[in-house]
Amino acid sequence: MDFRSIFAISHKEILHILRDKRTLFVAVAMPVMMLLLYGYAIDMDLKNITVGIYDQDQSNHSRKLLERVLANQTFIQTAHLTHYNQIEQGFRTQTFRVAIIIPHQFANSLAQKKQTPIQVIIDGSDANSANIIMNSISASIQSFSLEFFQTQLNTPNIPLINIQSRIWFNEELKSPIFIVPGLIALFLVMVCALLTSVALAKEKELGTLEQLLTTPIKAQEMMIGKLLPYTLIASIDATLVLLIGRYLFQVPLKGSVFALVVYSAIYLLVALGMGLMISVLVKTQQLALMSALVATLLPTLLLSGLIFPISSMPKALQVISYIIPARWYIEIVRGVMLKGINWFPKNAFILFSMAILLITMSTRKFHQQLKKGELTT
Amino acid sequence: MSVVLQLWNITKSFGKTFAVKDVTIQVHEGTICGLIGADGAGKSTLLRIACGLIPPDTGSVQILNEELSKNLKRARQVIGYMPQRFSLYQDLSVEENIRFFAKLFRVHKKEREQLERKLYHFSKLEPFKHRRAGDLSGGMKQKLALSCTLMNDPKLLLLDEPTYGVDPISRQELWEILLELKRKGAAILVSTAYMDEAEKCDWIYGMHQGKMVLNGTKEKIVSQFQQKIFQVEDPTQQFSSLFELKKKLSGFFEIKQIFQFGNSLHIMLSNSLSENIIHFFHQNNLTYKEINIGISDAFFLQTKKQEIE
């Protein structure tokens, strides 16, 4: 191993990157821009849900109930209905996504201590939020009815089972706190794999590899020399993305920064290894780009637990998720940032093994191609 | 004069087609060997085998009497290989390209500065040293590529059609560089499609369909052919094309071979011109003269012979 050769290759690679402003832009700005976009766009919090209200009772009680529902700003009233026909029309024109109908005899029925129905209609075209809306409204109504019950009995302290649920590590159930660590994992693997996959494929496509191979340089020296500059860029990306997550999206950092840096470095190695592998296997830049995208984007988005919990996937997909590096890294990032756990020996070991495997396999494959003379155009 | 490159019975096939078949070549120190042949004759493959980029199926490559496959690293220090396709970095400047290769060949700074001066001197690239390689003209690109392969002061130069796509003046300049290198003792194996370049070589190898069909000095090759050759031209354009004329001429049984050469035809006869033919020439205002057999004539004759066999 000769360091001068490694540095010669790295120096040349840096010149390529600096000359090619587009690549530089993709390398540095893309992950930042994507994090901003995704971070704000993938927002599963419920805010400003529009509600149409048809209060046929117009009583003190009915008004109190509605106040309770509208109290926490999840819902805003956008329509005051006076007829049933207006409900369907409202859904069609999207004036509201929820309709609450309080029947005529609401107050009377309550006074007579009878079972008193009210109607809630929810737009089910977005099933996920329909569910959450349903839960939220039932919770308000339940609390209203409990209070009513207590005042009726004139005993405010009757022993009822009272669920006091608390959610840990993300108390307000804000989705950025959940999503951003996953996005960090996604963009790092994507950008690193994209950049490195092109690095060698480009030399193959342009024929410069042929000239390079007649110099005394060794395969390992060339590989390392090519990886170094991209490792640097990837580290810059990682830092930027983590800073944005921490300060813009207010993702807490409860664990140690050092631990996060070490784990991220291992994860970057895996990503670089993936890029290298693709680079060795394909012959053109375009194919390299496509392969890197296919290998990183969808698997990471869908199978790593970034959005969908792994435990609720079918068994077969759960097995596949074992080979997705982001699966192991996301656990680490969420653990370190949200829970303050710094010790992930299993995940770190798996990631490290992946990196070693990918880099040695691609170097070996490159060596074989070299020996068989398959690298000439 | 010691042998620098020795190829013994090299055979290489890609799938079912033979690219190179049983070829033996020697290149001595201080000589230029020309490798001629049509596109697809196997010249590039042979050169790639000689510099260790492709391993041969059978046969052996020796560089300075050492087996190439066993001493690849040491061999690379003494070989300069220039591929047919421009293989430098287009987005790097002339100087950056040269320095990059200097580093890979582990040339020390002092030595490098000396070499750079020398290379700039004969390539005349100094005024362009900050220009990107991609912005150079064809001839300058080739001179830059040659400069980069000379960075390790190679004892053996393997050049794959270095003058391909280069203007006549740059072609001349490139050859002057090669002749200068030869005087300094380099062994050079150069493939070319230009026959006038072949004639500048000390030794000529001709390849046809992967096989070696010519081998020798220019004089030796030419002397093997006893035929008389006449150059025939049609200045008054009596015939619509040379092809028409060729068809007419092939009717004469004394004419053994006819080749087209630019604007003229070369005809080969078993003995001297018969009255019949001379009459035909006069009748159609054709000019003719006897010429010495050249390398190209010899090459064509030899490939024809090969095909008949």
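The values are calculated or read from the model by the stated rules, or taken from the named source; none is laboratory data. Small disclaimer: the values here were computed from a predicted structure and weren't measured. All Cβ positions, glycine included, derive from the backbone under ideal geometry; neighbour counts span all protein chains shown. Side chains are part of the model used for accessible areas, which takes the heavy atoms of the whole protein and leaves out ligands, DNA and RNA. Shrake-Rupley method; radii C 1.70, N 1.55, O 1.52, S 1.80 Å.
Does the stretch A:49-168 come out rounded, prolate or oblate by the C-alpha gyration tensor, with a ≥ b ≥ c the root eigenvalues, rounded set by a/c under 1.5 and, if not, prolate when a/b is larger than b/c and oblate if not?
oblate
Place +1 on the Cβ of every Lys and Arg and -1 on the Cβ of every Asp and Glu in chain B, take the dipole about the Cα centre, and give the residue among B:149, B:261, B:102 whose Cα lies farthest towards its positive end.
My answer, from the dipole projection, is B:102.
Could you check the simple spin-label distance between residue A:56 and residue B:270, using points 7 Å along Cα→Cβ, in nm with one decimal?
12.1
Rounded, prolate or oblate: pick one for the protein assembly as shown, where a ≥ b ≥ c are the square roots of the eigenvalues of its C-alpha gyration tensor, a/c under 1.5 means rounded, and failing that, prolate if a/b is larger than b/c, else oblate.
Cα axes put the protein assembly as shown in the prolate bin.
Figure the gain on full extension for residue B:3 and residue B:169 (residue separation times 0.36 nm, minus the Cα-Cα span) and round it to one decimal in nm.
Answer, rounded to one decimal: 56.5 nm.
Along the positive direction of the dipole of the protein assembly as shown (beta-carbon charges: Lys, Arg +1; Asp, Glu -1; about the Cα centre), which of B:225, B:7, B:286 reaches farthest?
Highest projection toward the positive end goes to B:7.
Please identify the longest segment of chain A free of exposed chymotrypsin sites (Phe, Trp or Tyr not before Pro), where exposed means a DSSP state other than H, G, I, E or B and no more than 16 other Cβ atoms within 10 Å.
The answer is A:170-321.
Under the rule that an exposed site lies in a DSSP loop and has at most 16 other Cβ atoms within 10 Å, name the longest stretch of chain A with no GluC sites (Glu not before Pro) of that kind, not counting the sites themselves.
A:173-373
Tell me the per residue accessible area of the stretch A:212-320 using a 1.4 Å probe; a whole number in Å² is fine.
Here the residues of the stretch A:212-320 average 44 Å² of exposed surface.
Enter the Cα centre distance for the pair the stretch A:175-208 and the stretch A:273-292, rounded to the nearest angstrom.
Going from one Cα centre to the other spans 11 Å.
Output the 0 to 90 degree angle, nearest 10, between the alpha-carbon long axis of helix A:175-206 and the longest principal axis computed from the alpha carbons of chain A.
Helix A:175-206 sits roughly 20 degrees off the main axis of chain A.
Given the Cα-Cα distance of residue A:85 and residue A:239 and 0.36 nm per residue of separation, how much length would full extension add, in nm?
49.8 nm is the gain from fully extending residue A:85 to residue A:239.
Under a cut-off of 13 Å between alpha-carbon atoms, report the aspartates and glutamates in cross-link reach of residue B:289, not counting same-chain residues fewer than 8 places apart.
In chain and number order, the partners are B:233, B:234.
Quick one: which of B:118/B:220; B:16/B:43; B:43/B:129 span more than 25 angstrom between C-alpha atoms?
Among B:118/B:220; B:16/B:43; B:43/B:129, the Cα-Cα distance tops 25 Å for B:118/B:220; B:43/B:129.
Just grab the label-to-label distance for residue A:322 and residue A:37, each label 7 Å out from Cα along the Cβ direction, in nm (one decimal).
3.5
Going toward the positive end of the dipole of the stretch A:175-372, with +1 on Lys and Arg Cβ and -1 on Asp and Glu Cβ, which of A:298, A:357, A:241 do you reach last?
Most positive-ward Cα: A:357.
Taking the Cα centre of each part, how many Å lie between the stretch B:241-309 and the stretch A:347-364?
The two parts, judged by their Cα centres, are 69 Å apart.
Round to a whole number: what % of the accessible area of the stretch A:49-168 belongs to carbon and sulfur, probe 1.4 Å?
Using a 1.4 Å probe with all protein chains present, the stretch A:49-168 comes out at 51 percent carbon and sulfur.
For the stretch B:1-116, report the accessible area per residue in Å² (1.4 Å probe, heavy atoms, rounded to an integer).
43
How much accessible area is lost when chains A and B come together, counting both sides, with a 1.4 Å probe, in Å² rounded to the nearest 100?
When A and B are taken together, about 2800 Å² of accessible area is lost.
If you build a Gaussian network model of chain B, linking Cα atoms that sit under 10 Å apart, which residue out of B:28, B:130, B:282 swings the most?
B:282
Between residue A:286 and residue B:121, what FRET efficiency comes out of the Förster formula 1/(1 + (r/R0)^6) with R0 = 35 Å and r the beta carbon distance, rounded to 0.05?
E between residue B:121 and residue A:286, to the nearest 0.05, is 0.25.
GNM, chain B, Cα, under 10 Å: largest mean-square fluctuation among B:255, B:177, B:293?
Of B:255, B:177, B:293, the most mobile in the Gaussian network model is B:255.
Let's test the formula: R0 of 56 Å, r as the Cβ-Cβ distance of residue B:67 and residue A:30. What FRET efficiency results, to the nearest 0.05?
It comes to 0.65.
Relative to the first principal axis of the alpha-carbon coordinates of chain B, what is the inclination of helix B:138-149, with its axis defined by its Cα atoms, in degrees from 0 to 90 and to the nearest 10?
Roughly 50 degrees between the two axes.
Under 20 Å from a label point 7 Å along Cα→Cβ of residue B:263: give me every residue in the stretch B:275-306 with its amide N that close.
Residues passing the 20 Å test: B:281-282, B:284-292.
Under 15 Å from a label point 7 Å along Cα→Cβ of residue A:170: give me every residue in the stretch A:234-263 with its amide N that close.
Answer for the stretch A:234-263: A:245-246, A:249-254.
Once you keep just the Cα pairs under 8 angstrom separated by 6 or more residues, what percentage relative contact order results for the stretch A:49-168?
27
Can you give the FRET efficiency to the nearest 0.05 for residue B:217 and residue A:14, using r as the Cβ-Cβ distance and R₀ = 60 Å?
That gives a FRET efficiency of 0.75.
Cα atoms only, chain B: Rg and Dmax in Å?
22.4, 73
Could you tell me the number of lysine pairs in the stretch A:175-372 with C-alpha atoms less than 24 Å from each other, where the two lysines are 8 or more residues apart or belong to different chains?
27
Put a dot 7 Å past each Cα toward the Cβ at residue A:2 and residue A:339; how far apart are the dots in nm?
For residue A:339 paired with residue A:2, the spin-label model returns 5.1 nm.
In degrees from 0 to 90, rounded to the nearest 10, what is the angle of the helix A:257-281 Cα long axis to the longest principal axis of chain A?
Computed tilt is about 60 degrees.
Cα centroids of the stretch B:136-187 and the stretch B:63-113: how far apart, whole angstrom?
What the calculation gives is 14 Å, centre to centre.
So what is the relative contact order for chain A, in percent, with contacts set as C-alpha pairs under 8 Å and at least six apart?
Once divided by the residue count of chain A, the mean separation gives 21 percent.
Counting other C-beta atoms within 10 Å, and keeping those with at most 11, which DSSP coil trypsin sites (Lys or Arg not before Pro) do you find in the stretch A:32-136?
For trypsin sites (Lys or Arg not before Pro) across the stretch A:32-136 that sit outside H, G, I, E and B with at most 11 neighbouring Cβ atoms in 10 Å, the list reads A:47, A:113, A:114.
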